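Okay, so here's the structure we're looking at.
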Number of protein chains: 2
Amino acid sequence: MDGLSAKMRIAAALASAAARDGVLLQGWVRTVRRAKEVTFIALNDGSCLDGIQVVIEPSLANFAELGRLGTGACIEARGDLVPSPASGQQWELRAREVRVLGEADGDYPLQKKRHTLEYLRSIAHLRPRSNTFGAVFRLRSALSFAVHRFFQERGFLCVHTPIITANDCEGAGEMFRVTTLDPRRPPLEKGDVLWKDDFFGEKTGLTVSGQLEGELFAMAFSDIYTFGPTFRAENSHTSRHASEFWMIEPEMAFADLAADCRLAEDFLRFLVRYALEHCGADLAFFNERVEPGLIAKLETLAEATFETLSYGEAVAALKRSGHPFEFPLEWGLDLQSEHERYLTETIIGGPVFVTDYPEGIKAFYMRLNDDGRTVAAMDLLVPRVGEIIGGSQREERMPVLLERMKGKGVSEASLGWYLDTRRWGSCPHAGFGLGFERFLMYVTGMENIRDVIPFPRTPGNARF
Amino acid sequence: MDGLSAKMRIAAALASAAARDGVLLQGWVRTVRRAKEVTFIALNDGSCLDGIQVVIEPSLANFAELGRLGTGACIEARGDLVPSPASGQQWELRAREVRVLGEADGDYPLQKKRHTLEYLRSIAHLRPRSNTFGAVFRLRSALSFAVHRFFQERGFLCVHTPIITANDCEGAGEMFRVTTLDPRRPPLEKGDVLWKDDFFGEKTGLTVSGQLEGELFAMAFSDIYTFGPTFRAENSHTSRHASEFWMIEPEMAFADLAADCRLAEDFLRFLVRYALEHCGADLAFFNERVEPGLIAKLETLAEATFETLSYGEAVAALKRSGHPFEFPLEWGLDLQSEHERYLTETIIGGPVFVTDYPEGIKAFYMRLNDDGRTVAAMDLLVPRVGEIIGGSQREERMPVLLERMKGKGVSEASLGWYLDTRRWGSCPHAGFGLGFERFLMYVTGMENIRDVIPFPRTPGNARF
């Protein structure tokens, strides 16, 4: 190494304000093109969608070797950043010295051509080097930072709620078991496993939500959020479900359902604007290759007023539409995906909060409304994705909470600590959950959740 | 609600530049003090260590009720922010109206007195309302944001590596099993569990490190980091080990061990300065109550040059010291905690990198040095904590990597995807891991890892 060249990321080189001598670039070869007199290498280092053109002249000692480089090879190139005569790029690197760090032969699975997303999933360890997944994971990174910025700038405390848990938040989602018992010969007593012999002294699993623990912290710090992995052991094989995904769950003390909806709206708008401001080139790629009209959709969302409809109004509007739905539509039944999509895409034509669901179909911790038959819950529906946020005001009144737990068969004994917060210093509070991958699907236009997670886990698949 | 009062967090009220009428504060009662004519309530909402004094005059309709409020009750108070005649506080709230949102009786487990940390652990759902844990979790939140800021501002991509995994990164740490098989009657064939019948079609567990997957991403995006939960199923009952903890793992392509040490040093310095700048009041509390001299220690670290010593030099220096150690000290043996502490606390008197460990005691992926018997590994040791960061340059040369895997009994077949990155476009790269809780112990002076995690998981304990 000469030590004199200035190491730069390719994004910075391409954004350079002026020509510059003595630059060191490092990255992976996308294409090699041999012209009459020189060889052009398109080099990418993941810092941006575009690669930079490296011009190799015959005067270089290893000119012949470089002309034979395969897609995927890793090189470092020293030279001068000069104006490029080629169209579509302001700068190129005129190489003075190129070192090959790692070769790539013709077996490299990511040759320069169109690959199906299915194929790319099978090489999830290499797909980040493709244009599509480069863009997906840059967006994922930028937006995960945006999540923290949004909450931290508003004084919300970040809480790391536990992953391994002995309780099942909603009594609903199937849980993975976490254990160190001998899998062949579990300790049994009268046919039942002796969980007291397991690592934690009781039966434990992977969390389905950090909400209950989040509530405990909200009742000390007022405004908190979690951002961490959550799990579902459901054997579902749809394009919208993964067994492991990241969720964002804010919780606010002294807040009601209306404040909860305002926070959700502000949050979503902030994230979308952040993407538009910081990820322009990647969004343009998705707009062109994945979902035509994507950027217009995002710009609309960033300015839109979110509508609000009660569940009752939503059911009535769906019935009035006369649209033939597959699933039944009656007050008291849960809305299905087809209903939600029709509501947001056709009836409203934009994001809409549906609020005040029948208490029978919602979780025990949601606050009972004065009508005695609905709860202060909300789902935010957006076009193409359907439900993207679900939240509620929580039941802060001990007698009502106990009554609803009894009605839903939730054991009081196992949630004594949760009830303690209603026993001492209870207060109105509310929160919601946003599935980070669902949101990324919305922002990128990618239609399969497996394509917005680095290494997706689904039934039958825990590779890499 | 009158809707006219401006809702404020107590931190903002205490920092107000001027007196202000019509303020709404909400929080939890720390103490109630009845003076001759008025009642004083110390109110805290978690936004800062200090509470604000709320002055209740007899003219309030519920004056008598408020005088009987217990510690832990939740109230909202409307009134005027006025200069406080009391010492040590610039502002107090002269209440015009106070509503009790949630009472707290004498059974409230967090009465105003000194509690042991052991006792507070048993009420982990309420301890965030105490001064000590308010400060701990504010620091934890601020520093987790600082982690993201450090890396994002330097162009590192945030990667969410998988939690559920079929591989065991280091062949070392004990793993928790993740399963949905019937625990009472697991499917067996010749006495072995049929893992192909399990949820993911193979045996899976909770990750002990995101490094291997992080390397895959570094070889597409150059600089990446992970920040997520990791797990150890070891039955250890020390104050420094938890079964679930958060780890930060950056990985840089085109970097050697020296660059890795520089990054670690910059990172640690950044975090410490961030705490000093943003968490002054909480640090002052720790300095006074938990570790005298803490702030001076942090200020020293923020300015210190980190020493570097090779493992060989470290062993020689420890031997020369003549200090009687419990564990043997020989070239080729791992350094024990007592050696590390003596090195950083007594011999160096500050942070020190120990580098180039014998290859026999280090993981297969660490790069073999030219001497053939050491690897390009580093541990950063700091006073009071010992090892706080461990990292290495990774072995990028396929034949050497294969040789070391064979020597360590690591199966080639199970890591084919990892080897692929050495097959195509390999490059020098390096990274490290920082245990977030270890670092928080260093910054707060708290001596038990259970006291810097919201809801710690340890053998026999998965409560809350």
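The values are calculated or read from the model by the stated rules, or taken from the named source; none is laboratory data. Just so it is clear, the structure is predicted and the values come from calculations on it, not from any experiment. No Cβ is skipped: glycine too gets one built from the backbone with ideal geometry, and neighbour counts run over all protein chains shown. Accessible surface areas use protein heavy atoms only, side chains included; no ligands, DNA or RNA. Shrake-Rupley method; radii C 1.70, N 1.55, O 1.52, S 1.80 Å.
Sort region A:388-444 into rounded, prolate or oblate with this rule: let a ≥ b ≥ c be the square roots of the eigenvalues of the Cα gyration tensor; rounded if a/c is under 1.5, and if a/c is not under 1.5, prolate when a/b is larger than b/c, oblate otherwise.
prolate
Short version: ³J(HN,Hα) in whole Hz for each residue of region A:130-141, in order, from phi by Karplus 6.51 cos²θ - 1.76 cosθ + 1.60 (θ = phi - 60°), x for Gly and Pro, what are they?
In residue order, the calculated couplings are 8, 4, 4, 7, x, 5, 4, 7, 5, 4, 4, 5 Hz.
Using only alpha-carbon positions, what ratio does the radius of gyration of region B:90-247 give when scaled by 2.2 N^0.38 Å?
So the Cα radius of gyration is 1.52 times the expected 2.2 N^0.38 Å.
Note the distances from B:A35 to each other copy's matching label point, with points 7 Å along the Cα-to-beta-carbon direction, in nm, sorted shortest first.
8.4
Sort B:22-32, A:428-438, A:270-280 by the packing proxy (mean of other Cβ within 10 Å over each peptide's residues), most packed first.
Ranking the peptides B:22-32, A:428-438, A:270-280 by packing returns A:428-438, B:22-32, A:270-280.
Which ³J(HN,Hα) values, rounded to whole Hz and listed in residue order, are derived for region B:249-264 from phi using the Karplus coefficients 6.51, -1.76 and 1.60 in 6.51 cos²θ - 1.76 cosθ + 1.60 with θ = phi - 60°, glycine and proline given as x?
Along region B:249-264, the couplings run 10, x, 9, 10, 6, 6, 10, 10, 5, 5, 5, 4, 5, 4, 4, 4 Hz.
Taking 0.36 nm per residue of separation and subtracting the Cα-Cα distance, what length does fully extending B:E202 through B:S411 add? Spell out each step's value before the answer.
Details: separation 209, 0.36 × 209 = 75.24 nm, distance 1.58 nm.
This chain segment gains 73.7 nm when fully extended.
Between region A:216-274 and region A:61-83, what is the C-alpha centre distance in whole Å?
Centre-to-centre (Cα) distance: 46 Å.
Please list 3J(HN,Hα) in residue order for region A:280-294, calculated via the Karplus relation 6.51 cos²θ - 1.76 cosθ + 1.60 where θ = phi - 60°; whole Hz, with x for glycine and proline.
x, 5, 5, 5, 4, 4, 5, 4, 7, 9, 10, 9, x, x, 4
Report, to the nearest whole %, how much of the accessible area of region A:6-102 belongs to carbon and sulfur atoms, 1.4 Å probe, protein only. Present the calculation step by step, with values, prior to reporting the outcome.
On the way: 2090 of 4250 Å².
The computed percentage sits at 49.
Tell me the per residue accessible area of the protein assembly as shown using a 1.4 Å probe; a whole number in Å² is fine. Let's see the in-between values first.
Working: 35870 Å² over 928 residues.
Averaged over the residues of the protein assembly as shown, the accessible area is 39 Å².
Could you tell me whether region A:307-376 comes out rounded, prolate or oblate from its Cα gyration tensor? Rule is a ≥ b ≥ c as square roots of the eigenvalues, rounded for a/c under 1.5, then prolate if a/b exceeds b/c, otherwise oblate.
prolate
Under 8 Å for C-alpha pairs, at least 6 residues apart: give me the relative contact order for region B:229-367, rounded to a whole percent. Numbers along the way, then the final one.
On the way: 102 pairs, mean separation 27.6, N = 139.
Relative CO of region B:229-367 lands at 20 percent.
Do any of A:K203/A:K408; A:K203/B:K196; A:K196/B:K408; B:K319/B:K362; B:K36/B:K113; A:K190/B:K190 go past 27 Å between their Cα atoms, and which?
Values: A:K203/A:K408 21 Å; A:K203/B:K196 23 Å; A:K196/B:K408 36 Å; B:K319/B:K362 22 Å; B:K36/B:K113 24 Å; A:K190/B:K190 24 Å.
Flagged as over cut-off: A:K196/B:K408.
Checking the a/c ratio against 1.5 first, then a/b against b/c, what shape does the Cα gyration tensor give for region A:6-102?
Note, shape of region A:6-102 comes out rounded.
Tell me the relative contact order for region A:90-220 as a rounded percent, counting alpha carbon contacts under 8 Å between residues six or more apart.
20
Need one value: the accessible area of A:M398 in square angstrom, 1.4 angstrom probe, rounded to the nearest 10.
In the full protein context, A:M398 sits at about 40 Å².
Using alpha carbon centroids, what distance separates region B:413-464 and region A:127-187, in Å?
Going from one Cα centre to the other spans 15 Å.
For the protein assembly as shown, what value does the Rg/Rh ratio take when both radii are computed over Cα atoms and Rh is the Kirkwood radius, given to two decimals?
Details: Rg = 29.2 Å, Rh = 30.0 Å.
In the protein assembly as shown, Rg relative to Rh is 0.97.
Give me the Kirkwood hydrodynamic radius of region B:124-197, using the inverse of the mean 1/r over all pairs of distinct Cα atoms, in Å to one decimal. Mind dumping the intermediate values first?
Working: mean 1/r = 0.0575 Å⁻¹.
Averaging 1/r across every pair of different Cα atoms and inverting gives 17.4 Å.
For region B:267-393, how big is the tail of P(r) above 21 Å, as a whole percent of Cα pairs? Numbers along the way, then the final one.
Values: 3677 of 8001 pairs.
When every Cα pair of region B:267-393 is considered, 46 percent fall beyond 21 Å.
What base-10 log of the normalised intensity I(q)/I(0) is obtained for region B:154-240 from the Debye formula, alpha carbons as equal point scatterers, at q = 0.14 Å⁻¹?
-0.63
Quick one: label points 7 angstrom along Cα→Cβ at B:K406, distances to the other copies in nm, smallest first?
Here the equivalent label points are 7.1 nm apart from this one.
Of A:Y342, A:V352, A:V385, whose Cα points farthest to the positive end of the dipole of region A:333-391 (charges on the beta-carbon: +1 Lys, Arg; -1 Asp, Glu; origin at the Cα centre)?
Highest projection toward the positive end goes to A:V385.
Mind jotting down a quarter of the surface of the convex hull over the alpha carbons of chain B, in square nanometres, one decimal? Working shown, then result.
Working: hull surface 113.2 nm².
Its average projected convex-hull area is 28.3 nm².
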